[in-house]
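Report on one structure; see the data block that follows.
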Amino acid sequence: DPSWLLRAAAALAAVTAVFALLAAVAESWRFALMLQGRTKVLPATTVWSSDVFVAAAGAGSVAAAVVALLVAVVALVRTHPVAAARRHRAPSRSAGAILVRLLVPGWNLYGAGQIVTEIDRMLDAGRPGADPDTPGRASRLTVAWWVSWIVSAVLVAAALLRGLGGSLQAVADTVELHIAVDLAAGVCAGLGAAM
């Protein structure tokens, strides 16, 4: 029964969402200080505090996301065959095929959504009163999570690319993109916890 792993993954995703939202607040403060710094000299302690807040929230967000991801991967690998068994079917994918879809960068944008949707559909079809021969529908929550997963990845790529610029405008744009990345990560993690 993988339900305890799913609950642990949900709790860790919720913690990740909180850290990501804190990181968005920290980056927003940094951006506000950048705007103020155009016209006045800022106190060193304020700038230092902002830098510490950004670093701590960012590190906490990444650490929580990595732990949540590891637990979620194990939970999904274990849940897939259980969901198939509830439909009285053999699993459509091996554990290795599931791992590849969840962990290979780039492919996991499609693969993770595919695996989560398959599990969701199998569990929906396995509910009492459902026709076991008709595949269930993916929930709106699952679809929303998948969209947020892709949007989050696109924003990360945009922030990395814009961060390669050397101008002051590139720095400001990167801070704005980091705010968007943190907000998208918070939404994605929050939807993952709810899912």
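Miscellaneous remarks
- Stokes-Einstein translational diffusion, the range 6-115 - Kirkwood Rh over all Cα pairs, 1.567 mPa s, 4 °C, in µm²/s: 78
- Applying 0.36 nm per residue to the separation of Ala172 and Ala144 and subtracting their alpha-carbon distance, the gain on full extension is 7.1 nm.
- Spatial offset of the range 162-195 relative to the range 30-62 amounts to 16 Å, using the alpha carbon center of each.
- In order along the range 73-86, the phi-based Karplus estimate (6.51 cos²θ - 1.76 cosθ + 1.60, θ = phi - 60°) of 3J(HN,Hα) comes to 4, 4, 4, 5, 4, 7, 7, 3, x, 5, 5, 5, 5, 5 Hz; Gly and Pro are listed as x.
- Note, ³J(HN,Hα) from phi for the range 156-169, Karplus 6.51, -1.76, 1.60, rounded to Hz, x at Gly and Pro: 4, 4, 5, 5, 5, 5, 5, x, 6, x, x, 7, 5, 5
- Rotationally averaged projected area of the range 155-195 (alpha carbon convex hull; nm²): 2.5
- Value at 222 nm in deg cm²/dmol, rounded to 500, when DSSP H runs of n ≥ 4 in the chain each add -39,500 (n - 2.57): -28500 deg cm²/dmol
- Whole-percent carbon and sulfur share, accessible surface of the chain, 1.4 Å: 71
- Distance between the modelled labels on Val100 and Trp4, one decimal in nanometres: 3.2 nm (7 Å Cα→Cβ projection).
- For the chain, convex hull volume per residue from C-alpha positions, Å³: 109
The values are calculated or read from the model by the stated rules, or taken from the named source; none is laboratory data. The shown structure was predicted, so the numbers you read here are calculated from the model rather than taken from an experiment. So basically every Cβ, Gly included, is an ideal-geometry build from the backbone, and we count neighbours across all protein chains shown. These area figures cover heavy atoms from the full protein model, side chains too; ligands, DNA and RNA do not enter into them. Shrake-Rupley method; radii C 1.70, N 1.55, O 1.52, S 1.80 Å.
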